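Asker: Pasting a structure here, questions to come.
Values in this text are rule-based calculations from the coordinates and carry no lab data. Bear in mind the structure is a predicted one, so any value in this text is a computation, not a measurement. For neighbour counting, all protein chains shown are included, and Cβ atoms are generated from backbone atoms with ideal geometry for every residue, glycine included.
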Protein chains: 2
Amino acid sequence: MLTRIDHIGIACRDLDTTVEFYRATYGFEVFHTEVNEEQGVREAMLKINETSDGGASYLQLLEPTREDSAVGKWLAKNGEGVHHIAFGTADVDADAADVREKGVRVLYDEPRRGSMGSRITFLHPKDCHGVLTELVTSAAVESPEH
Amino acid sequence: MLTRIDHIGIACRDLDTTVEFYRATYGFEVFHTEVNEEQGVREAMLKINETSDGGASYLQLLEPTREDSAVGKWLAKNGEGVHHIAFGTADVDADAADVREKGVRVLYDEPRRGSMGSRITFLHPKDCHGVLTELVTSAAVESPEH
């Protein structure tokens with residue numbers, strides 16, 4: 001069951017400049033940064049609020065590390081902007097199986113590694129009224145020792 | 001001060017079909033519907049979670065009521081997808097003045113009426129790294145009797 005807006009993924013050309021925009025304009029601070037080589041992105045998570053399911057909602061700023069990454073190709077086509085939205089769940093495997101059974105294309109056979117040790121998958125935007133949709137289970141839920 | 005992701009605004013061609021997609025796929029239920037003639041939209045709010053500032057996060061599904069509305073024109077150009085993101089604040093007037101002073105173009109001189117009696121304004125996407133950004137103060141915060 002999807003219980004929160006986990007994050008909004010925003011593609012940008014220059015991560016440092018964009019982080020500084022969000023800090024200077026709204027006072028949002030960086031909660032976490034990492035490079036995800038598999039996804040081909042350098043990213044910053046800005047925590048905006050906590051959520052009623054025990055999680056939190058973030059802005060995820062994404063700079064491609066290579067032009068042929070998914071975000072790099074998207075950015076070349078669309079320019080900077082909202083790349084995807086992500087819903088949080090305690091069980092991404094169960095929810096991915098559930099939506100697949102309902103006829104929505106799930107882009108990964110098995111969930112992959114997302115931000116902060118989370119497990120994620122994506123749903124095809126053409127099956128979701130144009131919205132690239134991520135399902136995410138945070139590491140904290142699955143691995144309480146972290 | 002912006003204290004939550006208030007909603008993600010999603011433009012769609014047919015509101016009823018899109019509401020049904022979100023219900024059937026994820027179990028999200030309609031919390032509120034309305035027509036905003038000024039904005040030229042028919043909309044449904046799906047409440048996803050409550051937030052640590054006492055508010056909530058929603059998906060806002062938007063169907064244009066006329067082709068020459070902002071959402072109608074956006075949809076004709078971009079197709080269905082994420083139209084804007086919205087941050088919640090207890091004082092949209094103060095935050096709009098603050099970001100205007102920082103050089104971000106604020107699209108309305110004074111906040112206008114948004115969903116569920118809220119007061120809203122928008123920031124120019126070209127000043128926000130491609131993201132059409134809304135600031136919103138909910139009616140509940142300003143008018144506790146509602």
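Asker: Per the helix-only calculation at 222 nm, which mean residue ellipticity applies to chain B, given -39500 (n - 2.57) for every DSSP H run of n ≥ 4 and division by its residues, nearest 500 deg cm²/dmol?
Answerer: Mean residue ellipticity, 222 nm, calculated: -6500 deg cm²/dmol.
Asker: How crowded by other chains is A:48-58, given as the mean number of beta carbons from other chains within 10 Å of each beta carbon?
Answerer: Across the residues of A:48-58, the mean count of other-chain Cβ atoms within 10 Å is 6.
Asker: Can you compute the charge dipole magnitude of the protein assembly as shown about its Cα centre, using +1 on each Lys and Arg Cβ and -1 on each Asp and Glu Cβ, nothing else charged? Give it in debye, rounded to the nearest 20.
Answerer: The dipole magnitude comes to about 700 debye.
Asker: Now a separate question. For the protein assembly as shown, what is Rg from Cα atoms divided by 2.2 N^0.38 Å, rounded to two decimals?
Answerer: Normalised by 2.2 N^0.38 Å, the Cα Rg of the protein assembly as shown equals 0.94.
Asker: Got the relative contact order for region B:1-136 handy, in percent, Cα pairs under 8 Å and 6 or more residues apart?
Answerer: Reported relative contact order: 27 percent.
Asker: If you don't mind, another one. What average count of beta carbons from other chains do you get within 10 Å of the Cβ of residues in A:25-33?
Answerer: Per residue, the number of nearby Cβ atoms from other chains is 3 on average.
Asker: Same structure again: In whole angstrom, how far apart do the alpha carbon centroids of region A:1-56 and region B:74-146 sit?
Answerer: 19 Å
Asker: Follow-up. How shielded is A:121-130 by partner chains, expressed as the average number of their Cβ atoms within 10 Å of its Cβ atoms?
Answerer: Neighbouring Cβ atoms belonging to other protein chains average 4 per residue here.
Asker: Just want the ordering: B:F87, B:F28, from fewest to most Cβ atoms lying within 10 Å of their own Cβ.
Answerer: Ordered by Cβ neighbours within 10 Å, fewest first: B:F28, B:F87.
Asker: Pull up the cross-link candidates among the lysines for B:K73, meaning alpha carbon to alpha carbon under 30 Å and not fewer than 8 places away within one chain.
Answerer: Candidates past the 8-residue exclusion: A:K73, A:K77, A:K126, B:K47, B:K102, B:K126.
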